[in-house]
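To start, the structure under review is shown below, and the notes come after it.
FYI, it's all coordinate maths here, none of it is from the lab. All values derive from a computational prediction rather than experimental measurement. Don't worry about glycine lacking a Cβ; one is built from the backbone with ideal geometry, like all the others, and counts go over all protein chains shown.
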Amino acid sequence: MGRLSGKVALITGASSGIGRATALLFAAEGAKLVVGARRQAELESLVAQIRDAGGEAVALAGDVRGEDYASALVALAVERFGRLDIAFNNAGTLGEGGASTEVSADGWNDTLAINLTGAFLGAKHQIGQMLRHGGGSVIFTSTFVGYTVAFPGVAAYAASKSGLIGLTQALAAEFGPQGIRVNAILPGAVDTDMYRSMNDTSESQAFITTLHALKRVATPEELARSVLYLASDDSSFVTGTASLVDGGVSITRT
Ligand SMILES: NC(=O)c1ccc[n+]([C@@H]2O[C@H](COP(=O)([O-])OP(=O)(O)OC[C@H]3O[C@@H](n4cnc5c(N)ncnc54)[C@H](OP(=O)(O)O)[C@@H]3O)[C@@H](O)[C@H]2O)c1
């Protein structure tokens, strides 16, 4: 308890899955939270749960494709809590999949707009604020897909998510001298709405499970604990990394 005492954290994609679990863990560890996503009702129930447990949180619903939303989340953190120390840019979509010869330009662009440009716009405004206080930790949610393992039919998703690794390195090099750490977390399969939408039969879930050395998929809470490590001072010498939390999917040949 208390590993984030006195810290202010911003989390996107907090309405479900990994983002929601991370928000609950951060709050339990003492952080004051700004949470974002598009679904207002889910954000409100998250904030209520955090407050009921004695924590502090505020929500702002919006779409990460808009730069105004990125700046508004940071402004809310400063207005309500006076600073920003941690930002978890976690909002993401599978986007348009299927045969790459059939993917539309709009589908491609939209996937990149949410997964890559949205994360960049978030970091742009978050880092601008963190620099005023002498440092901070920025974390992106990437994936093993397109980094250590390739699958057919997910070109836009893989390209957008591996783009986050280049972004992580560029920002870590640029702002390291000013005390900003930037890392990407690369989950294996995690049991969330996104996972179930992609794997909606017991056969496909069994197949995905087999791909992992641990022969299971992760819970969102397991990912949250790794994000906590990157957010907290426990990782004070860690920056620019692509941090696999993948149950061994990257090293397994079935
Ligand atoms: N589950 C996995 O196996 C897995 C593996 C590797 C990486 N990931 C990554 O983990 C992250 C979280 O996904 P999850 O698995 O936890 O699934 P999830 O429960 O579907 O969460 C996705 C989150 O992103 C938000 N979001 C999507 N589009 C958005 C937009 N345009 N603007 C604002 N928020 C948006 C969603 O909220 P709203 O719908 O309310 O906007 C939701 O909170 C994603 O970046 C995903 O790519 C997941």
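Anyone know which of H212, H125, H133 comes out most mobile in the 10 Å Cα GNM of the chain?
H133
Amide H of A59: which non-local residues (sequence gap of 5 or more, or other chain) have their own amide H closer than 5 Å, using H built in the peptide plane?
Amide H to amide H, under 5 Å and 5 or more residues apart or across chains, A59 pairs with V35.
Provide the packing ranking of 199-208, 215-224, i.e. peptides ordered by the mean count of other C-beta atoms within 10 Å per residue, highest first.
215-224, 199-208
State the extension gain, in nm to one decimal, for the chain segment bounded by D52 and S204, taking 0.36 nm per residue of separation less the distance between their alpha-carbons.
50.9 nm
To the nearest 0.05, what FRET efficiency results for R80 and N109 with a Förster distance of 25 Å applied to their C-beta separation?
With a Förster radius of 25 Å, E is 0.15.
Given the Cα-Cα distance of D193 and R65 and 0.36 nm per residue of separation, how much length would full extension add, in nm?
Net length gain for the segment: 44.0 nm.
In deg cm²/dmol and to the nearest 500, what is the mean residue ellipticity at 222 nm of the chain if only DSSP H runs of at least 4 residues count, each as -39500 (n - 2.57), divided by the residue total?
-13500 deg cm²/dmol
Using Stokes-Einstein with the Kirkwood hydrodynamic radius over Cα pairs, what translational diffusion coefficient do you get for the chain at 4 °C and a viscosity of 1.567 mPa s, in µm²/s rounded to a whole number?
Calculated translational D: 71 µm²/s.
Relative to the Cα centre, what is the charge dipole magnitude of the chain, using +1 at the beta carbon of each Lys and Arg, -1 at the beta carbon of each Asp and Glu, and rounding to the nearest 20 debye?
540
Can you list the lysines whose alpha carbon sits under 30 Å from that of K124, skipping same-chain ones fewer than 8 residues off?
Within the straight-line limit of under 30 Å, K124 reaches these lysines: K7, K32, K161.
For an R0 of 22 angstrom, estimate the FRET efficiency from the Cβ-Cβ distance between V238 and V149 and round to the nearest 0.05.
For R0 = 22 Å, the calculated efficiency reads 0.40.
Find which of G188, G176, S204 sits farthest along the positive direction of the dipole of the stretch 106-254, computed with +1 on the beta-carbon of Lys and Arg, -1 on that of Asp and Glu, about the Cα centre.
G176
Determine ³J(HN,Hα), in whole Hz, for all residues of the stretch 119-133 in sequence, where each value follows from phi through the Karplus function 6.51 cos²θ - 1.76 cosθ + 1.60 and θ = phi - 60°; x replaces Gly and Pro.
5, 4, 4, x, 4, 3, 7, 5, 5, x, 6, 4, 4, 5, 10
Give the Rg/Rh ratio for the stretch 141-254, taking Rg as the radius of gyration of the Cα atoms and Rh as the Kirkwood radius, to two decimals.
Checking Rg against Rh, the ratio lands at 1.00.
Where the only charges are on Cβ atoms (+1 Lys, Arg; -1 Asp, Glu), what is the dipole of the stretch 63-134 about its Cα centre, to the nearest 20 debye?
With Lys and Arg at +1 and Asp and Glu at -1, about 480 debye.
What angle, in degrees between 0 and 90 and rounded to the nearest 10, separates the Cα long axis of helix 17-28 from the longest principal axis of the Cα atoms of the chain?
30
For E174 and Q40, FRET efficiency with R0 = 41 Å and r from the beta-carbon atoms, rounded to 0.05?
That gives a FRET efficiency of 0.75.
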